[in-house]
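Participant: Can you keep this structure in mind? I'll have questions shortly.
The values are calculated or read from the model by the stated rules, or taken from the named source; none is laboratory data. Treat the numbers as computed from the prediction; the structure is a model and nothing was measured. Counting neighbours? That spans all protein chains shown, and the Cβs are built from the backbone with ideal geometry, glycine included.
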Amino acid sequence: MKNQRTKRMANIEALRLLAMLMVVSLHYLAKGELLPALTAPMNAQGYLAWFLEALSIAAVDVYVLISAYFLTETGFRCKRLIGLVCQVLFYTILIPLVMIAIGVVDVHSIQIYDVLQSVLPVNMLQYWFVSAYVLMYLFTPVLNAAVHAMKRTQLRYTIFLILIMESLAKTILPVRLELDNLGYDCLWFMTVYLIAAYIRLYGISFFEKRSASIISYVILVCAIYGVTLIVRAVYLSAGVLENFIEAPFGYNHLLTLGAAIALFYAFRDLTIEGKAAEWICRLSPYTFGVYLLHEELYLRYRWPFWFGAGAIDSPFDLLWHWLLAIVSVLLIGCLIDALRAALFRGAGKVLARTALARKLSEIDLRLSGK
């Protein structure tokens, strides 16, 4: 049974690892100041950097799709939410203390606002993804009740109507819409949740063939890159559409969403066996720790330069440092989070026998309607 589960899940866990590599890529390029302004002349290195950005931009939507795909069936768990918050606090409290201890951060520079960001990271938006995800997760009992009660047509048209507001308008209108938050919020995550639920319950026939999903992903990535360069060319020649140049790099853009769905389908029925499956399933539980580590407030603008972001002066240099950075950060992050998980398992065994644990289980039963 265990081997069957490993074979069945290794494909999605491989996608989870890939999505985190893509997330690290986005942060290395942006926070390493490797993405030149699209409104100015660019060299070959700049064009390559933006292409790597296009390759990676679907990462956030993919990560939410994976989570939502399983949450549609497993539903809300208080222990899972508390575990997530505690995992976040492990990084937001420990890393500043370490940075102060080694002298990188001056303790006298710490303000009340900084303390609040460390002890209330979800409320203070230290990680925008975590804040949006936690809010989405709190809504899972409502979302699951809705998708399981609705007919297929109802769910499909509900998604279409939401996408008109969230995605279609910003995709086709060459203006900056005040409603558009580029997908950096709970509303977009809930939209992706509904799409994942639809995939889980009914599927999307167009992407069922892996060849079609792979080709679609490649085409959509090229479209993101191509549309950006076309709008950029219009701006450079006519001085218009400045606010529309980077539109395809919003998480809620239809091209980005389509790329995420295509990539998800490319892995959904993939078979991975043997040692590869075993190692993938060992590493994947720690991928979220990779995000929490490298995006922590005191590290997010430092670590790209530890991997040579400030010394890159050619396309080859960019490709080499980019690959080294994203793989190294993934492995280091997984190792640190594995140590964190070992500590948490010990604490979890103790807490599992407390009255609090029994009360949380009772709340879960009530939320599930049992």
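Participant: State yes or no: is ALA169 part of a helix (DSSP H, G or I) and modelled with pLDDT under 95?
Facilitator: The answer is yes for ALA169.
Participant: Can you pull out every residue in the stretch 147-179 that is touching a residue at least 24 places away in the same chain (Cβ under 8 Å), exposed (fewer than 12 other Cβ atoms within 10 Å of the Cβ) and over 18 Å from MET190 (Cα atoms)?
Facilitator: ARG176
Participant: Oh, and also: When you look at PHE344, is it surrounded by fewer than 18 Cβ atoms within 10 Å (Cβ to Cβ) and closer than 24 Å to ILE100 by Cβ, yes or no?
Facilitator: yes
Participant: Within the set of pairs 6 or more residues apart or between chains, which connect a residue that is in contact (Cβ under 8 Å) with a residue 60 or more places away in the chain and closer than 25 Å to LEU155 by Cα inside the stretch 195-222 to a residue that is surrounded by 15 or more Cβ atoms within 10 Å (Cβ to Cβ) and among the hydroxyl-bearing types (Ser, Thr, Tyr) with Cβ atoms less than 6 Å apart?
Facilitator: As it stands, the answer is ALA196/TYR69; ALA197/THR72; ARG200/TYR69; ARG200/THR72, since those pairs meet every condition given.
Participant: To continue, here is another question. Can you pull out the residues in the stretch 271-288 that are crowded, with 19+ Cβ neighbours inside 10 Å and within 16 Å of GLY333 (Cβ to Cβ)?
Facilitator: Of everything in the stretch 271-288, those that are crowded, with 19+ Cβ neighbours inside 10 Å and within 16 Å of GLY333 (Cβ to Cβ) turn out to be ILE280, LEU283, SER284, TYR286, THR287, PHE288.
Participant: Is it the case that some residue within the stretch 329-339 is exposed (fewer than 10 other Cβ atoms within 10 Å of the Cβ) and on the phi < 0 side of the Ramachandran plot?
Facilitator: no
Participant: Let me ask another. Only one of these conditions is not met by GLU53: (1) touching a residue at least 40 places away in the same chain (Cβ under 8 Å); (2) over 21 Å from HIS294 (Cα atoms); (3) of a type outside the set (A, V, I, L, M, F, W, C). Which number is it?
Facilitator: (2)
Participant: Another question, then. Output yes when any residue across the stretch 228-245 is part of a helix (DSSP H, G or I), of a type in the set (Phe, Trp, Tyr), closer than 23 Å to ALA19 by Cα and touching a residue at least 40 places away in the same chain (Cβ under 8 Å), and no when none is.
Facilitator: Scanning the stretch 228-245 turns up no residue that is part of a helix (DSSP H, G or I), of a type in the set (Phe, Trp, Tyr), closer than 23 Å to ALA19 by Cα and touching a residue at least 40 places away in the same chain (Cβ under 8 Å).
Participant: Now a separate question. With the condition kept exactly as written, say whether any residue in the stretch 266-274 is more than 28 Å from PRO121 (Cβ to Cβ), under 20 Å from the mean Cα position of the chain (by Cα) and not hydrophobic (A, V, I, L, M, F, W, C).
Facilitator: Taking the stretch 266-274 and keeping what is more than 28 Å from PRO121 (Cβ to Cβ), we get 266-274.
Checking which are under 20 Å from the mean Cα position of the chain (by Cα) leaves us with 266-268.
Filter once more, keeping what is not hydrophobic (A, V, I, L, M, F, W, C): 268.
The answer is yes; a qualifying residue exists.
Per-residue answers, yes or no, for (1) polar (S, T, N, Q); (2) in a helix (DSSP H, G or I); (3) buried (at least 16 other Cβ atoms within 10 Å of the Cβ):
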{"site": "GLU33", "(1), (2), (3)": "no, no, no"}
{"site": "ALA40", "(1), (2), (3)": "no, no, no"}
{"site": "TYR47", "(1), (2), (3)": "no, yes, no"}
{"site": "LEU52", "(1), (2), (3)": "no, yes, yes"}
{"site": "TYR63", "(1), (2), (3)": "no, yes, yes"}
{"site": "LEU84", "(1), (2), (3)": "no, yes, yes"}
{"site": "PHE90", "(1), (2), (3)": "no, yes, yes"}
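Participant: Sticking with this structure for a sec: Return the only residue of LEU94, LEU163 being more than 20 Å from the chain's Cα centre (by Cα) and farther than 25 Å from GLU362 by Cα.
Facilitator: After applying the criteria, what remains is LEU94.
Participant: Scanning the stretch 135-160 for residues that are hydroxyl-bearing (Ser, Thr, Tyr) and under 22 Å from the mean Cα position of the chain (by Cα), which turns out farthest from TYR251 (Cα to Cα)?
Facilitator: THR140
Participant: So which residues in the stretch 302-358 are touching a residue at least 40 places away in the same chain (Cβ under 8 Å) and of a type in the set (S, T, N, Q), if there are any at all?
Facilitator: SER314
Participant: Name the single residue that is nearest to ALA10 (Cα to Cα) among those in the stretch 68-100 being among the small types (Gly, Ala, Ser) and at pLDDT below 95.
Facilitator: In this case the residue turns out to be GLY75.
Participant: Quick check on my filter: what residues within the stretch 94-125 are in contact (Cβ under 8 Å) with a residue 12 or more places away in the chain, farther than 18 Å from ILE336 by Cβ and not aliphatic (A, V, I, L, M)?
Facilitator: ASP114, GLN117
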